[in-house]
Amino acid sequence: MRSLRLCLFGFFFVGLLGFLVPLSAQQGTLTGIAMDVETGQPIVNVQISVQGMGQATGGLSNDTGRYTLQLQAGTYTIVAQFLGYVTSTYEDVEITAGGTTALDIRLTSTRVALDPIVVTASRGQGERNLDAPATTFSVGAIEIQERSVQTPVDHLRTAPGVDIITEGIQSTNVVVRGFNNIFSGALHALTDHRLAGVPSLRVNLLHFIPSNNEDIDRMEVVLGPGSALYGPNTANGVLHILTRSPLDSASEGTIVSLGGGERSVFQGSFRSAYLVNRRLGVKLSGQYLRGNEWEYTDLGESAARQAAVDNPSDCQTKLVQRGYGMPIAALGCTRVGQRDFDLERYGLEARADYQFSEDGTVILTYGRTSASGIELTGLGAGQTEDWIYQFFQARMNTGRFFAQAYYNTSDAGNSWLLRDGVPLVDQSKLFVAQAQHGLSILDGRQDFTYGVDLFRTRPDTKGTINGVYEDEDDIDEWGAYLQSKTELSPMLDLILAARVDDHSMLPERVWSPRAAIVFKPNDDNSLRFTYNRAFSTPSTLNLFLDISAGAAPNEQLAALGYTVRAHGTGSDGYSFQNPDGSLKGMRSPFAPGFLPADPSVMWQLAMGVLQAQVASGGLPAELAGLLPVLGSLSPTSSDIGVMLLNASSGIISPAETTTIPAVPGMRESYTETFEVGWQGILGQKLGISADVYFT
């Protein structure tokens, strides 16, 4: 038996050896040393990526800078990356069967990373960071790939001038050079030249961006106003997230990432890019995140929840008095204060790039995010459930000409406000069309950039947020801009820009100028003097908000049925009185919109309320005999006067002798900024910037 086992083992060993020898004969060795091109010193842990022959593999350089890889015979592209150095790519590297190919990796210290090419400060025209007319902070591809994050915002935590509020595991609010707040939209956020905010709410829920970490090529933050090129609502700055093209051979292949951590967090993402041919590339990426949100007890929610449990009918009555139907009121009272701390989000993005000429590309992109969790709003926390954000984008560039159209949509799904349980409905849409061109004359000493923008915002809240304004809340905007850059001397540039915008809710067009002088004594330093005038338009909430904020804080007024409403001004302002001094009307929980403040109308409604109260036992049954007599009366305004109650002072006065000041319509706000800035590179190793500005 022993001799049989030895014989079988011998046959197995010989067979295995026969299998491995041909396999090894088909492989070759790639080896070399990764070094600094200036000093010749070896660099440790350089990431060596190998692409080609249907595989993607790689390795790291060791303590002496050497790397060694076993590869199938064939032709490969080798990419070397290391933080602080420029990425190096080596095309057409031949690996022969049984042979050794030597390839030393020479990396250049990243002065380029200290002075990258940026496109956001001058809107699409690439320029050195030191030449830009505004301070720009850039997060490069290597930094992004080496840092695992839950949302793109995490890459900005070291950016100067950027303020980030962390509201939870994934939710943040980001502003630049300004004061932060809840539900903020102060930052002009872009992804691949597309507005990234929720269409009509104008809030930057940046975790709704479907692009994952592997998609992002770089991020640029422009500090200071940008209205002269980007239009309204850029008074503080611009954030631009730029993603990788599938036409880039270095991005070809599939990457899968998995991670987890505290609060039961699990995160996964993938990106798969494929070159169909040298002109067509496609990409599909996705991400998934789940976890348990940081727990917090809101005292207002807890009190409302306890009241709903103790007296459900009273809770429903109060919601009905605020204008909600009984089905919504009943549902709201069951979920008021019911926080679900489990969060879940998934995102998907598909993209196709077609290069139709040497300098012309057409790009089609679709993205979708579905999120559930807790979001903070100006009216307290909201419980989001299957909030879906989508976009469709088509863009084209050839030379200096760029054009795009995109369509952003939002559907808040089954979401509600936690303090009262009422639904939070948002089915808003945004359509944008843009075109831009540029030209240079006088041997490049004079450059022009010009373009036009069209924005069409279509809020849709089903009456839950915009109330009486639901059918008149559409906004149309257009803008045109021109920027001139003149080289006065090799060391001095003059930048002038102007933009005009027209907003359907504003009575006049708005102008936004910019002027800058950039002095460059050498390639490593620039001194900048700038003036900007920026403007912000009223948001849809400023203009069209019409939502109940609950009972009046005064208990006596609340007992009489008085409520508080958050109310926008509309396009022309808000007046409580007609031109003849009569009241426009009053709200009632029993009818939509406004009822006329006319005693002849209100008397019959009051009789109906009294009958219902007597029937339900809310009033003594003895009053039943009096109701027919009262109902037979038809009083007029001369018989019963209308009185006004000043809720602040408690004074009651006749309506016919009282003038109520009208609320003027919301208008644009302006910001003027004067700034002096310096940027420099010291010793090819250290980048420094300093800015002094007055706003």
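The values are calculated or read from the model by the stated rules, or taken from the named source; none is laboratory data. Since this is a predicted model, take the numbers as computed values, not measurements. Using ideal geometry, Cβ is built from the backbone for each residue, glycine included, and neighbour counts are taken over all protein chains shown.
Output yes when any residue across the stretch 510-523 is among the charged types (D, E, K, R), more than 27 Å from residue 232 (Cβ to Cβ), part of a strand (DSSP E or B) and in contact with a helix residue (DSSP H, G or I) (Cβ under 8 Å, 6 or more places away or on another chain), and no when none is.
Yes, that holds for at least one residue.
Taking the options 200, 211, 245, name whichever one is surrounded by fewer than 24 Cβ atoms within 10 Å (Cβ to Cβ), among the small types (Gly, Ala, Ser), assigned to a loop (DSSP other than H, G, I, E, B) and out of contact with any Gly (no Cβ under 6 Å at 6 or more places or on another chain).
245
When you scan the stretch 370-388, do you find a residue that is within 16 Å of residue 195 (Cβ to Cβ), assigned to a strand (DSSP E or B), in the same structural domain as residue 211 (by TED's automatic domain parsing) and of a type outside the set (Lys, Arg), even just one?
Taking the stretch 370-388 and keeping what is within 16 Å of residue 195 (Cβ to Cβ), we get none.
Looking through the stretch 370-388, none of the residues is within 16 Å of residue 195 (Cβ to Cβ), assigned to a strand (DSSP E or B), in the same structural domain as residue 211 (by TED's automatic domain parsing) and of a type outside the set (Lys, Arg).
Mind checking which residues of the stretch 632-678 are farther than 30 Å from residue 693 by Cβ, touching a helix residue (DSSP H, G or I) at 6+ places or on another chain (Cβ under 9 Å) and part of a strand (DSSP E or B)?
Scanning the stretch 632-678 gives 643, 644, 645.
Just one of 597, 591 is of a type in the set (A, V, I, L, M), modelled with pLDDT under 75 and under 49 Å from the mean Cα position of the chain (by Cα); which is it?
591
Closer than 22 Å to residue 435 by Cα, surrounded by fewer than 23 Cβ atoms within 10 Å (Cβ to Cβ) and of a type outside the set (Lys, Arg): is that true of residue 192 in this structure? Lay out the reasoning, then the answer.
Working: closer than 22 Å to residue 435 by Cα: yes; surrounded by fewer than 23 Cβ atoms within 10 Å (Cβ to Cβ): yes; of a type outside the set (Lys, Arg): yes.
When the stated conditions are applied, residue 192 passes them.
Filter the stretch 530-564 down to residues that are among the aromatic types (Phe, Trp, Tyr) and under 26 Å from residue 321 (Cβ atoms) and give me whichever is surrounded by the most Cβ atoms within 10 Å (Cβ to Cβ). Walk me through how you get there before you give the answer.
Within the stretch 530-564, the first condition is being among the aromatic types (Phe, Trp, Tyr), and the residues that meet it are 531, 535, 544, 562.
Then drop every residue that is not under 26 Å from residue 321 (Cβ atoms), which leaves 544, 562.
On the way: 544: 27, 562: 15.
Result: 544.
Would you mind telling me which numbered condition in (1) assigned to a helix (DSSP H, G or I); (2) out of contact with any Cys (no Cβ under 9 Å at 6 or more places or on another chain) residue 308 fails?
Only one criterion in (1) assigned to a helix (DSSP H, G or I); (2) out of contact with any Cys (no Cβ under 9 Å at 6 or more places or on another chain) is unmet by residue 308, namely (2).
Output the residues belonging to the stretch 249-277 that are of a type outside the set (Ser, Thr, Tyr), over 20 Å from residue 170 (Cα atoms) and free of Cβ contacts under 8 Å to residues at least 24 places away in the same chain.
Filtering the stretch 249-277 down to residues of a type outside the set (Ser, Thr, Tyr) leaves 250, 252-253, 255-256, 258-263, 265-268, 270-271, 273, 275-277.
Next, only the ones that are over 20 Å from residue 170 (Cα atoms) stay: 250, 252-253, 255-256, 271, 273, 275-277.
Passing the criteria: 256, 276, 277.
Step by step: first the residues of the stretch 1-57, then only those that are among the charged types (D, E, K, R) and at pLDDT below 80, then the one that is farthest from the chain's Cα centre (by Cα). Which residue is that? It would help to see each step written out before you state the result.
Kept after step one, since they are among the charged types (D, E, K, R), are these residues of the stretch 1-57: 2, 5, 36, 38.
If we keep only those that are at pLDDT below 80 as well, we get 2, 5, 38.
Working: 2: 73, 5: 68, 38: 42 Å.
Among those that are among the charged types (D, E, K, R) and at pLDDT below 80, it is 2.
Scan the stretch 356-376 for residues that are of a type in the set (D, E, K, R) and either touching a residue at least 12 places away in the same chain (Cβ under 8 Å) or buried (at least 18 other Cβ atoms within 10 Å of the Cβ) (or both) and jot them down. If you could, list the steps in order and put the result at the bottom.
Taking the stretch 356-376 first, the residues of a type in the set (D, E, K, R) are 358-359, 368, 375.
Answer for the stretch 356-376, where residues must be of a type in the set (D, E, K, R) and either touching a residue at least 12 places away in the same chain (Cβ under 8 Å) or buried (at least 18 other Cβ atoms within 10 Å of the Cβ) (or both): 359, 368, 375.
Give, as residue ranges, the strands (runs of 3 or more DSSP E) completely inside the stretch 391-460 that count at least 1 residues that are among the small types (Gly, Ala, Ser), farther than 30 Å from residue 335 by Cβ and in contact with an Asp or Glu (Cβ under 7 Å, 6 or more places away or on another chain). Working first, answer last.
Numbers: elements: 401-411, 429-441, 446-458.
Counting at least 1 such residues, we get 429-441.
Looking at the stretch 388-427, which of its residues are in contact with a helix residue (DSSP H, G or I) (Cβ under 8 Å, 6 or more places away or on another chain) and more than 17 Å from residue 338 (Cβ to Cβ)? Walk me through how you get there before you give the answer.
Of the stretch 388-427, the ones in contact with a helix residue (DSSP H, G or I) (Cβ under 8 Å, 6 or more places away or on another chain) are 389, 416, 418-423.
Hit for the stretch 388-427 is 389, nothing else.
If we scan the stretch 281-303, do we find a residue that is hydrophobic (A, V, I, L, M, F, W, C), touching a residue at least 40 places away in the same chain (Cβ under 8 Å) and more than 30 Å from residue 331 (Cα to Cα)?
So the first thing to find is which residues in the stretch 281-303 are hydrophobic (A, V, I, L, M, F, W, C), and the list is 282, 284, 289, 294, 299, 303.
Applying the additional criterion that residues be touching a residue at least 40 places away in the same chain (Cβ under 8 Å) yields 282, 284, 289, 294.
Checking the rest, the ones that are also more than 30 Å from residue 331 (Cα to Cα) come to 282, 284.
Scanning the stretch 281-303 turns up at least one residue that is hydrophobic (A, V, I, L, M, F, W, C), touching a residue at least 40 places away in the same chain (Cβ under 8 Å) and more than 30 Å from residue 331 (Cα to Cα).
Does residue 228 satisfy being of a type in the set (A, V, I, L, M, F, W, C), more than 23 Å from the chain's Cα centre (by Cα) and crowded, with 17+ Cβ neighbours inside 10 Å? First the steps, then the outcome.
Details: of a type in the set (A, V, I, L, M, F, W, C): yes; more than 23 Å from the chain's Cα centre (by Cα): no; crowded, with 17+ Cβ neighbours inside 10 Å: yes.
So residue 228 does not fit the description; no.
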